[in-house]
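Since the structure comes first, as structure tokens, the remarks are kept for the end.
The values are calculated or read from the model by the stated rules, or taken from the named source; none is laboratory data. Just so you know, these numbers come straight off a predicted model, no measurement behind them. Just so you know, the surface numbers come from the protein's heavy atoms only, side chains and all, with ligands and any DNA or RNA stripped out. Shrake-Rupley method; radii C 1.70, N 1.55, O 1.52, S 1.80 Å.
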Amino acid sequence: MKPLSLGVFFLLVPALVPALDPLSASLLMGGAAVTWQLFSPHSWLKCRLLECCNVKDTLNFSVVKMDLERKVFGQHLAVQLVLRALNANIYSKRPKKPLVMSFHGWTGTGKTFLSSIIAENLYQPGAPRRSFVHHFNTVLHFPHASRVHLYKEQLQNWIRGNVSACPRSLFIFSEMDQMPHGLIDSITPFLGYHEEIDGVYYGKAIFIFLNNAGGDKITEMTLDYWRRPKRREDIPVKELQDLLSEEIFRNTNSGFFQSQLIQKNLIDYFIPFLPLEYKHVKECVREELRAQGHPEDEGLITEIASAMTDYPSGESIYSSKGCKTVASRVILSI
């Protein structure tokens, strides 16, 4: 029902009510109120029962910061950079370009988990998010390199249509290491500095890429600092970001191999996820025990964390799988 038709309907309601019995009149007025709420673009009821692009124009950064620091272990650099990036984009009334972040690190270090926390905090509590958070898994959605041209067209249409419907759309691309070469370049026009493209404004959209590529380089630098010995907190983030940019651009196993996104500097932040140490894995185990409703058994926590801390061989400083298998290990150990 169009807004004009709705307006005519509500003009007629007062004229119709006197001709009805009290119960029918109440039902008519109640139905009219619900209808108005459902078709109003900023309706709270519509956002509860259906779906609407009901986002927070400003994030409560103290809440987001607490969420990240309490739930994401061993990733001080990633947390700092993500908070800085979100702050710059969210507080700008009209950002000049979309926010584009690329997460890098070994499996199980928190890349997917951190992106889910962003999604949870970006939209109003209780509002359905499945129409505004778009998760592309390379293996699932783009499995055939021979169909890249088809995927390019589908991806462009999907992004264009969804940003038109909700400017603050969130797009998450996982398994970027297996992305067919050249496919991700199809979204290059949407990530640049444009006021609008064909009448669509993309500045409030957020793009996150999840990569294992670059994880070995991050681990090498982190291990080097540990052996000096220096604190992982002292690792210069600028040096890591430059290393990542160069590594994934030259790496033939990266979805960003010779990508225009890097050539044209369209990725705003390369976010490094450091390898997790024994103490970080212990925190993951502790949190998983709480989540499964078990008491925090220090002996079990130590046993699981010790078994998972396996790299490098002979030194066992880091977990090569991060916290990825913690949940299944807890289940098997109880």
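Numerical summary
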| quantity | calculated |
| --- | --- |
| Straight-distance crosslink candidates among lysines, where the alpha carbon sits under 16 Å from residue 282 and sequence neighbours closer than 8 are dropped | 71, 321, 324 |
| Size descriptor, Kirkwood hydrodynamic radius, that averages inverse alpha-carbon separations across region 276-332, Å | 11.0 Å |
| Region 61-273: equivalent-ellipsoid semi-axes (sqrt of 5 x gyration tensor eigenvalues, Cα, Å) | 27, 22, 15 |
| C-alpha center-to-center spacing [region 242-295, region 136-152] in angstrom | 22 Å |
| Note, ³J(HN,Hα) from phi for region 79-94, Karplus 6.51, -1.76, 1.60, rounded to Hz, x at Gly and Pro | 4, 4, 5, 5, 4, 5, 5, 5, 4, 5, 7, 5, 7, 7, 5, 9 |
| Long-range tail of P(r) for region 187-242 (Cα pairs > 16 Å, %) | 61 percent |
| Spatially proximal aspartates and glutamates relative to residue 65 (Cα-Cα < 14 Å; intrachain offsets below 8 disregarded) | 120 |
| Reach of residue 97 by Cα under 14 Å, taken over aspartates and glutamates that are not fewer than 8 positions away in the same chain | 195, 196, 268 |
| Long-range HN-HN contacts of residue 179 with modeled amide H, under 5 Å | 255 |
| Share of carbon and sulfur in the accessible heavy-atom surface of region 58-202 [1.4 Å probe, %] | 53 percent |
| log10 of Debye I(q)/I(0), alpha-carbon scatterers only, for region 156-294 at 0.10, 0.12, 0.21 Å⁻¹ | -0.47, -0.64, -1.21 |
